[in-house]
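The structure under discussion appears below in the form of structure tokens.
The values are calculated or read from the model by the stated rules, or taken from the named source; none is laboratory data. What you see is a predicted model; the values in this text were computed from it and never measured. We place every Cβ from the backbone using ideal geometry, glycine too, and count neighbours over all the protein chains shown. Note: areas computed on protein heavy atoms with side chains; ligands, DNA, RNA excluded. Shrake-Rupley method; radii C 1.70, N 1.55, O 1.52, S 1.80 Å.
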Amino acid sequence: MSDILSHTEGGVCTLTLNRLQRKNSLTAAMYAALADALEQARDDAAVRVVVLQGHETVFSAGNDIGDFLATPPTSQDAPVFRFLRAISTFAKPLVASVCGPAVGIGTTLLLHCDLIYAGDNAAFSMPFVNLGLCPEAASSLLAPRLFGHARAAETLLLGEPFMAETALEWGLINRIVPPAQANALAQQQARKLAAKPMASLLETKRLMKQGSGADVAQRMQEESLSFGRMLTEPAAKEAFTAFMQKRLPDFSQL
Ligand code: COA
């Protein structure tokens, strides 16, 4: 079965991360499939809303580390950056359902969603520094803007995780429910959106995002240049190798 499932019904296109054996970590092929799906959803008049969901035990473990080592995304055309451009410029409403770990891009992609429903087991983290990397998805801009600098510094500089209650308090998510109910709630809210006049939805989202579009695009590009470079540097190599070898990284010489 495919690692990304896509299903459209009643104006709602649901994209499901489906690589449970690797905790829904994302490969280049999965980013490409997600980018393709979002581009199709953008152009398909039958799609009014997109839902992004994982499994009730895990949303996503972030980038697949082995895949990153093998094929680091070094150009702007890399699937991961294509996906980030597609999600950050997506004009129709985006609803997410998040349960369990949401690591790295598993959290930063949420900064581009409109409504987010979380299981009470949701655990968000952006451990880029711990991996010898820097933020992506314009999270260096959007996390401080949404959470405030002090809170963003704990999550981005220290790489500390935060749980669903904190995400609710900080304004990242809309509601917390038992994990088994999160996907159903996201569908219910998406169906409500799909029943509304499309032009009003599009115009309202456009107006809500108007002040930040250019800033987001510029920051994502700047981040992606640094991220691509840092991926091939010693700190990231040490972090990724340590993960594969199931040991703690040693940054003492770096
Ligand atoms: N890339 C590649 N493989 C990954 C992965 C990732 N990001 N995350 C998990 N996996 C693999 C594990 O290596 C393990 O493989 P194995 O069965 O061959 O040992 C399998 O998926 C199950 O993961 P495991 O760590 O045993 O599950 P867990 O429930 O104990 O922990 C996480 C789940 C998500 C908390 C943990 O896997 C994790 O921290 N992953 C790395 C997250 C990360 O740093 N991502 C990069 C962000 S930029």
Here the qualifying pairs (Cβ atoms under 6 Å; residues six or more apart or on different chains; first in the stretch 104-127 and farther than 22 Å from Ala86 by Cα and open to solvent by 10 Å² or more (accessible area, probe 1.4 Å); second in a strand (DSSP E or B) and away from the ligand (no atom under 15 Å from the Cβ)) come out as Asp120/Ile176
The helices (runs of 4 or more DSSP H) lying wholly within the stretch 149-245 that contain at least 3 residues that are closer than 25 Å to Leu52 by Cβ and open to solvent by 30 Å² or more (accessible area, probe 1.4 Å) are 164-169, 179-194, 198-209, 213-231
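Which of the residues that make up the stretch 56-90 are polar (S, T, N, Q), under 13 Å from the mean Cα position of the chain (by Cα) and closer than 30 Å to Ala199 by Cα? So that I can check it myself, show each step before the final result.
Within the stretch 56-90, the subset polar (S, T, N, Q) is 57, 60, 63, 71, 74-76, 88-89.
Among the residues that remain, those that are also under 13 Å from the mean Cα position of the chain (by Cα) are: 60, 63, 88.
Result: Ser88, single match.
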Selection over the stretch 56-109 where residues are hydroxyl-bearing (Ser, Thr, Tyr), away from the ligand (no atom under 14 Å from the Cβ) and touching a strand residue (DSSP E or B) at 6+ places or on another chain (Cβ under 9 Å) yields a count of 1
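Would you mind stating whether Pro135 is within 27 Å of Gln245 (Cα to Cα), within 13 Å of the ligand (Cβ to nearest atom) and out of contact with any strand residue (DSSP E or B) (no Cβ under 7 Å at 6 or more places or on another chain)?
Numbers: within 27 Å of Gln245 (Cα to Cα): yes; within 13 Å of the ligand (Cβ to nearest atom): yes; out of contact with any strand residue (DSSP E or B) (no Cβ under 7 Å at 6 or more places or on another chain): yes.
Taking the combined requirement at face value, the residue satisfies it.
Do you know which residues across the stretch 28-55 are over 13 Å from the mean Cα position of the chain (by Cα), more than 14 Å from the ligand (Cβ to nearest atom) and open to solvent by less than 50 Å² (accessible area, probe 1.4 Å)?
Within the stretch 28-55, Ala32, Ala33, Ala37, Leu38, Ala41, Val47, Val49, Val50 meet the criteria.
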Here the residues within the stretch 11-27 that are surrounded by fewer than 20 Cβ atoms within 10 Å (Cβ to Cβ) and in contact with a helix residue (DSSP H, G or I) (Cβ under 6 Å, 6 or more places away or on another chain) are Gly11
With the first residue restricted to the stretch 9-20 and required to be of a type in the set (Ser, Thr, Tyr), and the second required to be part of a loop (DSSP other than H, G, I, E, B), Cβ contacts under 8 Å at 6 or more apart or on different chains are Thr16/Gly54
